[in-house]
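Note sheet for the following structure.
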Amino acid sequence: MTHILIAVLIVIIIGITAGLVLSAASVIFAVPVDKKAVQIQELLPGANCGACGFSGCSGYAAALSKGEAKLGLCSVGGQAVVDSIAPILGTEGTEVTPKTAYVRCSGNNESTSKIAQYQGIRSCAAAKQLHGGMGKCTYGCIGFGDCAAVCEYDAISIQNGLAVVNSDKCRACGSCVKVCPQGIIDVQSKKTHAVVKCSNCDKGAYTKKICKAGCIGCMKCMKVCEHGAIKIENNLSRIDYDKCQGCMKCVEVCPQHIIQPFN
Amino acid sequence: MSITQLVGIFLAAILTENYVLCKFFGICPFLGVSKKLDTALGMSGAVTFVMVLSTAATWPVYTYILVPNQLEYLQTLVFILIIAGLVQLVEIILKKYMPSLYNALGIYLPLITTNCAVLGVTMLVLDKGAENPEFGYIASLVNAFGAGIGFLVAMVMFAGVRERLEAADIPESLKGLPITLVSASLVACSFLGFNGIVDRLLS
């Protein structure tokens with residue numbers, strides 16, 4: 001009987017000692033928690049996409065609570081998150097212009113075609129490594145949907161061989177921008193008026209051969225623009241969104257119909 | 001115990017008595033965390049640390065508390081209690097004073113709490129001590145450290161093997177865990193080649 005008692009006692013004593021030491025340690029070595037940061041992190045969407053430029057939501061929350069970061073960097077959360085965090089920080093909420101991603105390519109299966117049959121891994125990144133993809137245009141959308149696979153909000157779909165962003169669903173986290181091996185996805189403010197939906201830098205005559213919806217660098221848009229917002233660089237039209245006033249004349253004049261109204 | 005003997009114990013723990021590849025302890029983290037080299041290193045570092053620390057704590061408890069009271073049979077229970085408490089304590093202290101190391105070890109620390117390799121080391125050094133009275137506290141600590149380094153060697157080697165497997169053309173039916181287990185057994189077989197090497201090396 002005493003044997004059992006001693007055994008029980010010893011285990012109890014060891015257990016209690018360990019418990020006491022641990023609870024004492026948790027008090028002595030307590031790390032002060034930034035309560036504000038915890039609160040803010042709960043309000044952030046928790047997508048951990050890094051669109052704000054910080055290492056995940058916790059990093060942004062910590063920077064916000066220290067006053068090192070600006071409000072409104074979270075494009076996923078948008079206005080609602082800014083409004084809910086502003087009272088915690090005791091500052092005025094800022095106006096957030098919602099953003100959305102778009103694909104700078106209009107080359108679907110009807111406009112352009114393939115140069116070779118590809119039977120490898122069904123991924124844009126893999127196809128790109130093989131002579132820059134199997135499309136005639138080496139700049140355009142490959143169409144295996146690496147972007148659609150990475151999108152957490154189901155905003156991208158492959159329609160007729162071309163990635164298309166649903167701007168209502170897009171939260172502008174930028175995951176697709178990072179994953180696209182062609183680098184043709186871009187995130188812009190929804191207030192942008194017109195965008196060039198082509199990325200081809202080949203010469204106009206060649207572009208015309210390989211894709212019906214490619215920028216041929218004809219400069220019609222540049223000439224028609226009264227605000228000096230359009231330039232042709234490397235046979236490709238580029239719009240300076242800061243200068244663009246939204247007159248939409250370039251949209252009307254573009255012979256390839258690749259300058260399109262945003263949204 | 002002489003230095004030569006301690007070196008012998010250390011090398012034996014790494015090569016001939018490798019806890020993962022020869023005694024088959026800690027197979028779970030061995031298969032689970034060996035996918036990438038950096039996580040394998042992090043996990044092994046934490047395991048080595050906890051092995052030495054828990055041996056340092058359980059040896060005196062066993063020798064000076066359990067043995068005099070004829071309670072050797074409580075070994076497993078008491079050791080798990082001590083190891084769990086110790087890992088928690090280490091976690092709390094690391095969080096306070098070395099947040100960078102805490103973040104690096106991260107999830108591995110709690111994972112180790114119930115790792116059988118750690119419990120195995122603390123218990124097997126006691127068996128060795130029972131066979132050979134010379135095998136005291138210092139020798140036990142050296143053995144525990146060697147066991148940890150052996151764990152590291154096994155993990156790093158296997159992480160390398162698995163990185164090769166990624167690129168290999170594996171039959172459909174063997175893909176994933178089956179081929180991992182097969183290659184683990186081959187690595188373990190190769191470790192049998194070290195049998196006796198340490199004794200000859202130091203004699």
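The values are calculated or read from the model by the stated rules, or taken from the named source; none is laboratory data. Only a predicted model underlies this, so the values are computations on that prediction, with no experimental measurement involved. A quick note on method: Cβ atoms are made from the backbone with ideal geometry, for glycine too, and the neighbour counts reach across all protein chains shown.
Quick rundown of the values:
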quantity: B:LEU126 vs. criteria within 14 Å of chain A (Cβ to nearest Cβ) and part of a helix (DSSP H, G or I); calculated: no
quantity: Only one of A:GLY46, A:GLY72 that is surrounded by fewer than 18 Cβ atoms within 10 Å (Cβ to Cβ) and either within 14 Å of another protein chain (Cβ to nearest Cβ) or small (Gly, Ala, Ser) (or both); calculated: A:GLY46
quantity: Test: residue in segment B:157-173 that is surrounded by fewer than 22 Cβ atoms within 10 Å (Cβ to Cβ) and among the aromatic types (Phe, Trp, Tyr); calculated: no
quantity: Matching option when the condition is surrounded by 20 or more Cβ atoms within 10 Å (Cβ to Cβ), in a helix (DSSP H, G or I) and within 14 Å of another protein chain (Cβ to nearest Cβ), among B:ILE65, B:ILE83; calculated: B:ILE83
quantity: Condition met for A:ALA51 (more than 10 Å from every other protein chain (Cβ to nearest Cβ), among the hydrophobic types (A, V, I, L, M, F, W, C), surrounded by 13 or more Cβ atoms within 10 Å (Cβ to Cβ) and in contact with an Asp or Glu (Cβ under 8 Å, 6 or more places away or on another chain)); calculated: no
quantity: Pair list, Cβ under 7 Å, 6 or more apart: segment A:188-209 residue under 15 Å from A:SER237 (Cα atoms), other residue basic (Lys, Arg) and surrounded by fewer than 23 Cβ atoms within 10 Å (Cβ to Cβ); calculated: A:VAL196/A:ARG104; A:VAL196/A:ARG238; A:LYS197/A:ARG104; A:CYS198/A:ARG104; A:SER199/A:ARG104
quantity: Filter pass, A:ALA61 being away from chain B (no Cβ under 14 Å) and either within 30 Å of B:THR63 (Cα to Cα) or part of a loop (DSSP other than H, G, I, E, B) (or both); calculated: no
quantity: Elements of type strands (runs of 3 or more DSSP E) in segment A:153-244, at least 3 residues being under 13 Å from the mean Cα position of the chain (by Cα); calculated: A:185-189
quantity: Residue ID - nearest to the other protein chains (Cβ to nearest Cβ), chosen from residues in segment B:92-112 that are surrounded by fewer than 18 Cβ atoms within 10 Å (Cβ to Cβ) and not hydrophobic (A, V, I, L, M, F, W, C); calculated: B:LYS96
quantity: Residue in segment A:1-31 that is farthest from B:GLN88 (Cα to Cα), counting only those that are in a loop (DSSP other than H, G, I, E, B) and facing chain B (nearest Cβ under 10 Å); calculated: A:VAL31
quantity: Test: residue in segment A:133-145 that is under 20 Å from A:CYS49 (Cα atoms) and part of a loop (DSSP other than H, G, I, E, B); calculated: yes
quantity: Some residue of segment B:27-34 being away from chain A (no Cβ under 12 Å) and either more than 20 Å from the chain's Cα centre (by Cα) or under 14 Å from B:THR122 (Cα atoms) (or both); calculated: no
quantity: Residue identified as more than 30 Å from B:PHE79 (Cα to Cα) and modelled with pLDDT of 90 or more among B:VAL182, B:VAL142; calculated: B:VAL182
quantity: Residue match in segment B:20-42 (condition: on the phi > 0 side of the Ramachandran plot and surrounded by fewer than 19 Cβ atoms within 10 Å (Cβ to Cβ)); calculated: yes
quantity: Qualifying position, being closer than 18 Å to B:PRO99 by Cβ, small (Gly, Ala, Ser) and surrounded by 14 or more Cβ atoms within 10 Å (Cβ to Cβ), among A:GLY56, A:GLY78; calculated: A:GLY56
quantity: Scan of segment A:233-252 for residues that are hydrophobic (A, V, I, L, M, F, W, C) and surrounded by 15 or more Cβ atoms within 10 Å (Cβ to Cβ), ordered by number; calculated: A:LEU236, A:ILE239, A:CYS244, A:CYS247, A:CYS250, A:VAL251
quantity: Residue list for segment B:31-45, restricted to those being farther than 17 Å from B:GLY148 by Cβ and touching a Leu at 6+ places or on another chain (Cβ under 9 Å); calculated: B:LEU31, B:GLY32
quantity: Residue in segment A:26-41 that is closer than 30 Å to A:GLU152 by Cα, touching a strand residue (DSSP E or B) at 6+ places or on another chain (Cβ under 9 Å) and surrounded by 13 or more Cβ atoms within 10 Å (Cβ to Cβ) present; calculated: no
quantity: Total residues in segment A:96-132, condition closer than 18 Å to A:GLN159 by Cα and in contact with a helix residue (DSSP H, G or I) (Cβ under 9 Å, 6 or more places away or on another chain); calculated: 7
quantity: Condition broken by A:THR97, with the remaining ones in (1) touching a strand residue (DSSP E or B) at 6+ places or on another chain (Cβ under 7 Å); (2) closer than 29 Å to A:GLY143 by Cα; (3) not hydrophobic (A, V, I, L, M, F, W, C) satisfied; calculated: (2)
